[in-house]
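Notes for the one structure printed next.
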Amino acid sequence: MITTRIFTAYESFSACSLLTGLFLSSLSIFKTKRTYNAPRDDPRVIRQRFMGVGLSCILSTIVLYVLFAYKGRKQTLSQLAWLMGLRIDHLLISTICPLILTASLFLGPLVVNGVEGRLPFQRNWTWRGHVQDFAKDLRTWRTYFVGPVVEEWVFRACMIPVMYAGGWSKSGIILITPLLFGAGKFIGCTEGHERPLLEPYKELLSYTTLFGWYTSFLFMRTGHLAGPTVSHVFCNIMGLPDFGAALRPSRYRNVYAASYLLGITGFTYLLFAFTTPSWYGGAYWT
């Protein structure tokens, strides 16, 4: 448990910038001449990035350990895991409650998909098309597993303990670390492509920043990495909410509009209730 300030604010921010640099470097460290100009969806590029981001997770964890040891606060493996939110205690509630909370925000899209028969085991959903074929696609593993795990590991589990030990306020940690995440995400998605237009850049940066605020909030409130990670996976599966569905001509338009409104209202109401720190036994939000 971190009970005293260990780093200066400048030291902690610099350390997080270093971790961001390691993450960005990992995206291209294993590139070869054959894949240097290949698109990011090329299977060879995806495999190389898997190795790279895996290495970045290892190095980020080592950096976290060394930083605390350098300041005379050497951590055992169990203590380090606890700081990173890799905990067994309260694991079930730390997974289920954040997932329910996140799903409430997507109540509108879930209702739309349900009415149109696109939810699991409905008429327009097939095991082969939506599970087996997806599982064979490396892009699926990148988007729904490797990406969320790596990003939460580096930008939440490794950065937030450093920022917290640097004396940053809760709001400061929640607001600042996602900006690094957004920058890293943007550069990672656009690497090897022409400079994007301004509007797509704004949309991507806005989404990743808002999402980063949310998952940082979850990590701070629960002290667990599980909740932010499963929420990240769920959001990637759902994609950006299509609010236009509530406005398009349809006999279910009122139902769609009500479900979107109810979802946003429910999420707002449950945000603090479902992340009550005493439920999770964490120490970042006391």
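The chain gives an Rg/Rh value of 0.99, both radii derived from C-alpha positions and Rh following Kirkwood. Centre-to-centre, using Cα atoms only, region 12-78 and region 208-242 are separated by 21 Å.
Can you put 170, 74, 136 in order, fewest other beta carbons within 10 Å first?
On the way: 170 16, 74 12, 136 9.
Ordered by Cβ neighbours within 10 Å, fewest first: 136, 74, 170.
Spacing of the modelled spin labels on residue 261 and residue 140, each 7 Å from Cα toward Cβ, amounts to 3.8 nm.
What is the order of 14, 94, fewest Cβ neighbours within 10 Å to most? Please report the intermediate quantities before stating the final value.
Working: 14 14, 94 27.
The order, fewest Cβ neighbours first, is 14, 94.
Counting other Cβ atoms within 10 Å, keep those with at most 10, restrict to DSSP loop, and tell me which chymotrypsin sites (Phe, Trp or Tyr not before Pro) in region 81-172 are left. Qualifying residues, ordered by number: 121. Among the chymotrypsin sites (Phe, Trp or Tyr not before Pro) in region 1-47, those placed in a DSSP loop whose Cβ has at most 14 other Cβ atoms within 10 Å are 36.
Readers should treat all values here as calculations from the given coordinates under stated rules, not as data from a laboratory. Please read all numbers here as calculations on a predicted model, not as lab measurements. Virtual Cβ from ideal backbone geometry, glycine too; neighbours counted across all protein chains shown.
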